[in-house]
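Read the structure below first, then the notes.
The values are calculated or read from the model by the stated rules, or taken from the named source; none is laboratory data. None of these values were measured; they are calculated from a predicted model. Positions of Cβ are generated from backbone atoms using ideal geometry, with glycine treated the same way; all protein chains shown enter the neighbour counts.
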Amino acid sequence: MIVHLPVMVREVVEMLDIRSGGTYVDATVGLGGHAEEIVKLLGSEGKLIGMDRDGEALKTAGQRLDNHRVVLRKSTFSGLKGAMISLGVREADGILFDFGVSMMQFKDPERGFSFSAWEPLDMRMDRSQKMSAEEIVNDYSQSELERILREYGEERLARKIARAIIAARTHTRIRTCSELAQIVRAVSWGGGRHHPATRTFQALRIAVNDEIREIDEGLRSSVGLLRRGGRLCAISYHSLEDRLVKHVIRDSAREGVLRALTKKPLIPSREEIRNNPSARSAKMRCAERA
Ligand SMILES: C[S@@+](CC[C@H](N)C(=O)[O-])C[C@H]1O[C@@H](n2cnc3c(N)ncnc32)[C@H](O)[C@@H]1O
């Protein structure tokens, strides 16, 4: 069984300041790790709304959180407000975002998030969506590929990698993650701490799932869904995500709508990173509705 350890769960519960009887939204319920801890503190009258764009994750969360206080809904971040309205919930006491992919998505050999295997180039968080990484890699122009790699992967070798992809696909379609990883490795210097294709994979995942727009829209709409004194917590795993969170909190603080609770992002303890190395890049920012 695949285990996804919830990241900074103690800090999440503390910063959301979970109150018995409150209404909380976990906008990235995933496998329900954070949700499970939140539910423990809700009392008999509290409510947790768990959302995710991945229907398979919701199924697993549903089995784990079999509880009359939990409502699960398939929704993207950009659909958050509409989903809340459809549930008749106008305000929340706390909203959590835990970006990125879950271990269930990352380790599933059919989903194509990992460059280490002969997985199909997929990377869709919602498998009912049409566009996958294979279309981007095989059908986008060199300049589009270069832009995606530069903007979403912050990849210095964007041009070189885009060119190598175009050259490789003239013979045959690039269908698997390992084929793509090999193409990137062949034009990279190697040597660093991470696999040379890490940034390329990050960039493609962001493009396939329209993550930048999704995160920005989701965060901005969540501010308007918080009750006075309600809290927003967001956990990021790379600099683009963290920048979006920082900007939304800064903009809302300027408008007097939010009060930042974390000047600098909180990070996991050394002990947590030792137990769960995938938490190592996590950064959490929190704010309170003014
Ligand atoms: C890191 S996992 C969350 C894990 C969860 N906190 C737990 O403890 O099990 C991130 C989840 O967010 C979901 N997700 C990412 N982007 C999304 C979006 N734009 N809309 C809705 N869900 C999204 C993914 O499908 C994934 O299940």
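Structural remarks
- Within the stretch 87-111, tally of residues that are within 14 Å of the ligand (Cβ to nearest atom) and farther than 30 Å from I18 by Cα: 3
- Of everything in the stretch 55-89 that is of a type in the set (G, A, S) and buried (at least 16 other Cβ atoms within 10 Å of the Cβ), the residue that is nearest to M104 (Cα to Cα) is A57.
- Of the residues making up the stretch 34-49, those that are more than 9 Å from the ligand (Cβ to nearest atom), within 21 Å of E11 (Cβ to Cβ) and either touching a Pro at 6+ places or on another chain (Cβ under 7 Å) or not hydrophobic (A, V, I, L, M, F, W, C) (or both) are K40, G46.
- Condition check for I85: in a helix (DSSP H, G or I), of a type in the set (V, I, T) and within 30 Å of I38 (Cα to Cα): yes
Rundown of residues vs (1) among the β-branched types (V, I, T); (2) touching a Cys at 6+ places or on another chain (Cβ under 9 Å); (3) crowded, with 17+ Cβ neighbours inside 10 Å, yes/no style:
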{"position": "G230", "(1), (2), (3)": "no, no, yes"}
{"position": "S236", "(1), (2), (3)": "no, no, yes"}
{"position": "D251", "(1), (2), (3)": "no, no, no"}
{"position": "K264", "(1), (2), (3)": "no, no, no"}
{"position": "A279", "(1), (2), (3)": "no, no, yes"}
{"position": "A282", "(1), (2), (3)": "no, no, yes"}
{"position": "R285", "(1), (2), (3)": "no, yes, yes"}
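- All positions within the stretch 12-33 that are part of a loop (DSSP other than H, G, I, E, B), of a type in the set (S, T, Y) and more than 12 Å from the ligand (Cβ to nearest atom): S20
- Only one of H4, H68 that is at pLDDT below 95 and touching a Gly at 6+ places or on another chain (Cβ under 8 Å): H4
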